[in-house]
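The values are calculated or read from the model by the stated rules, or taken from the named source; none is laboratory data. Remember, predicted model here, so these are calculated numbers, not experimental data. Backbone-built Cβ (ideal geometry, glycine too); neighbour counts: all protein chains shown. The accessibility values were calculated without ligands, DNA or RNA, using every heavy atom of the protein model including side chains. Shrake-Rupley method; radii C 1.70, N 1.55, O 1.52, S 1.80 Å.
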Amino acid sequence: MEIADLPIATSHRANLLAAGYSSLAALSAASPPRLARDLSIEVHEAEEILKVAVGANKSKGADGPSTSSVLKGVQNAWDMLSDEQSRRHINTGSADLNNILGGGIHCKEVTEIGGVPGVGKTQLGIQLAINVQIPVEYGGLGGKAVYIDTEGSFMVERVYQIAEGCISDILEYFPHCHDKAPAGQEKLKPESFLADIYYFRICSYTEQIAVINYLEKFLGEHKDVRIVIIDSVTFHFRQDFDDMALRTRVLSGLSLKLMKLSKAYNLAVVLLNQVTTKFTEGSFQLTLALGDSWSHSCTNRLILYWNGNERYGYLDKSPSLPVASAPYAVTVKGVRDAVNSNSKRVRVM
């Protein structure tokens, strides 16, 4: 049984998730005074909730993870290396960005993409939602996308434009694809690309928590999803949270869940992030939002920034790739290589 299934008031379930209680084990370990404080309820109400949680935990036989369940995940290092080398990548639309990312956005990993407003974060997110659908016979994954929009920046007209650009490139690189079977040709229509993007509009941090908790069930029913994009992961948590310690706990729980989902369902998770100012060494500097603790929540971090009038992507964090930067452009067709591009090493933020 999950927190969302507990036989308690709906408001209490929502408050538990918002306070970072993502498992029965975590809830059962809380004391009544602490739970009352976290949920802003009376102690006797907290005691009743804990009684229900402890009962559900015992019936589940989940006082803690059993040794056998933990050992199911054991791998040797050779298997891990083979798995990494066989992973597929999602094309960003720019060969230069793909190069610094080791082929593109990696499946089974969480990639954070941050930058100032207007630099192209949402454009790249939409491009990935389209490119993940490129059929396998044309070098793509032939998957579907989940797009979680917290800011209202997802414009369907622009998605249609980028889908047309993607199809145009396929027809250019594969001139004989017209000879393919009718079923294959049917995939190369903007309408088909749009139909395979599952869109969630989020208006509060509680909705965001609920959707991320719902994803496991959704992905179990839609196993062809190959990318989950959250645009942006920060928006509601910057607006509505005053308790920084609580925010850190909640975000840590969400990032762990997203990491597990990426590995369990062999998909890429892309988190778009905003920037904020940080006072350091006597001056204000731009840095990605949510603080230093959040920086450990992703596998890879790509920072988008302006260099004069040119857009650049800077790979700030990766477990296996060197720090590098590369130019890119946002065109009518979507994210593409910059004209006269040459990869450079530039330190930003």
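Brief remarks on what is shown
- If only the Cβ of Lys and Arg carry +1 and only the Cβ of Asp and Glu carry -1, the dipole of the chain around its Cα centre is close to 540 debye.
- Longest exposed-site-free window of the chain, the sites being trypsin sites (Lys or Arg not before Pro) in a DSSP loop that have at most 15 other C-beta atoms within 10 Å: 88-222
- Centre-to-centre separation between the Cα atoms of segment 188-211 and those of segment 141-174: 13 Å.
- Calculated SAXS-style log₁₀ I(q)/I(0) at q = 0.08, 0.09, 0.11 Å⁻¹ - the chain, Debye, Cα scatterers: -0.44, -0.55, -0.80
- Rolling a 1.4 Å probe over the protein heavy atoms gives the chain an accessible area of 49 Å² per residue.
- Gaussian network model of the chain, springs between alpha carbon atoms under 10 Å - residue of 253, 139, 114 with greatest fluctuation: 139
- The chain, accessible surface, carbon-and-sulfur percent (1.4 angstrom probe): 53 percent
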